[in-house]
Amino acid sequence: MGLETKLPDGVVLTTLESAVNWCRKYSVWPLLFGLACCAIEMMTAGMSRFDIARFGAEVFRATPRQPDLMIVAGRVSNKMAPVVKRLYDHMPEPKWVIAMGACASSGGMFHNYAILQGVDKIIPVDVYIPGCPPRPEALFYALTQLQQKITTQKFKDFA
Amino acid sequence: MSIVNAVKGFYQILKAMAVTLKYFFTKPLTVQYPKEKIRLYPRFRGRHELQRRPDGLELCVGCGLCAAICPARAIYVEAAENTDEARYSATERYAGLYEINYTRCIFCGFCEEACPTGALKLGNEFALARASRGDLVMGKETLLQPATPHAIILED
């Protein structure tokens, strides 16, 4: 990207790196994007009983230019797969993906020609959530796991 | 007339703000999940738990009926013979290899219903997210463990 590729490790940028990661960790904005029944649980996660805002992830953005996180909530049909791929490609770096539910993780109970057998065939996935659909708390658990992953990330990974 | 309307309007605003103020003093509805345990009903179906007899032997006899009924084909069972040296279950055979693919499992509970020995129970563990698909294929040693308590089980 720039300076961080030229400087040696652990000199100037480590403190900045942890500060930036801390900011990124508590402002993971998801993409306003749902495919099936898991999306209902994703919407529920935003309601006051569960309140995804406690993790700084309540800002569901309706354009792929602004969010950091794509929650693939639901089964990805072969017809939808190019759209999912295009939305992912439009998102700016750094970006993360959560495969929510059995269908997004591996195709679930749909062993057929119409459903993509796991969204990781087209885009890289960071966290998989089992469940059909998973509870909102299961999504929060995945979100905390993703936050842990973000704290360990390096600038060089994006360079 | 306009003064009467203004007073009426002001009264309406006060009435509405009183409703807002009432909710200001109520207890928050939010369950603080990672810090607090959530409340679940006993019928909730989470991760499977393989049961043991009171003497420590496994209840599973490796018949494979759970794998046969599974609509998502998430269960894989490979039976093995018990010997006098290595005895895992009370009958002739036991589950030598017992794997559940949690990326496929839909937690329908058919396996629990199909099990003739009552070896399989769906517990209350829901926090199963992992970073790789391989970690989600859970073997016998994981499934025999009781669930980590994330939840308070309510009365049915």
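Per-structure values
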read-out: Helix-only [θ]222 nm of chain A, DSSP H runs n ≥ 4, -39500 (n - 2.57) each, per residue, nearest 500; value: -10500 deg cm²/dmol
read-out: Isolated Cys in chain B, by beta carbon distance under 4.7 Å; value: B:Cys60, B:Cys63, B:Cys70, B:Cys105, B:Cys108, B:Cys115
read-out: Cross-link pairs A:Lys121/A:Lys149; A:Lys121/A:Lys156; A:Lys95/A:Lys154; B:Lys37/B:Lys140; A:Lys25/B:Lys27; A:Lys25/A:Lys121 - those with Cα-Cα distance over 18 Å; value: A:Lys121/A:Lys149; A:Lys121/A:Lys156; B:Lys37/B:Lys140; A:Lys25/B:Lys27; A:Lys25/A:Lys121
read-out: Fewest-first ranking of A:Cys103, B:Cys60, using other Cβ atoms within 10 Å as the exposure measure; value: B:Cys60, A:Cys103
read-out: Unit Cα scatterers, Debye sum, the protein assembly as shown: log10 I(q)/I(0) for q = 0.11, 0.13, 0.15 Å⁻¹; value: -0.80, -1.00, -1.18
read-out: Ranking of A:Glu41, B:Glu85, B:Glu125 by count of other Cβ atoms within 10 Å, fewest first; value: B:Glu85, B:Glu125, A:Glu41
read-out: Whole-Å distance, taken between Cα centres, linking the stretch A:69-117 and the stretch B:129-144; value: 21
read-out: For A:124-135, mean number of other protein chain Cβ atoms within 10 Å; value: 6
read-out: Stokes-Einstein diffusion coefficient of the stretch B:38-153, Kirkwood radius over Cα pairs, 10 °C, 1.306 mPa s, in µm²/s; value: 108
read-out: Mean ellipticity per residue at 222 nm, deg cm²/dmol - from DSSP H runs of n ≥ 4 across chain B, formula -39500 (n - 2.57); value: -7000 deg cm²/dmol
read-out: Rounded to the nearest 20 debye, dipole of the protein assembly as shown from Cβ charges on Lys, Arg, Asp, Glu; value: 1460
read-out: Exposure proxy order (Cβ contacts within 10 Å, fewest to most) of B:Ser89, A:Ser106, A:Ser48; value: A:Ser48, B:Ser89, A:Ser106
read-out: Per DSSP, loop GluC sites (Glu not before Pro) in the stretch B:1-81 with at most 13 further Cβ within 10 Å; value: B:Glu36
read-out: For A:100-108, mean number of other protein chain Cβ atoms within 10 Å; value: 5
read-out: P(r) weight above 19 Å for chain A, C-alpha pairs, percent; value: 55
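Values in this text are rule-based calculations from the coordinates and carry no lab data. The structure displayed is predicted, hence computed values, not measured ones. All Cβ positions, even for glycine, are placed from backbone atoms using ideal geometry, and neighbour counts span all protein chains on display.
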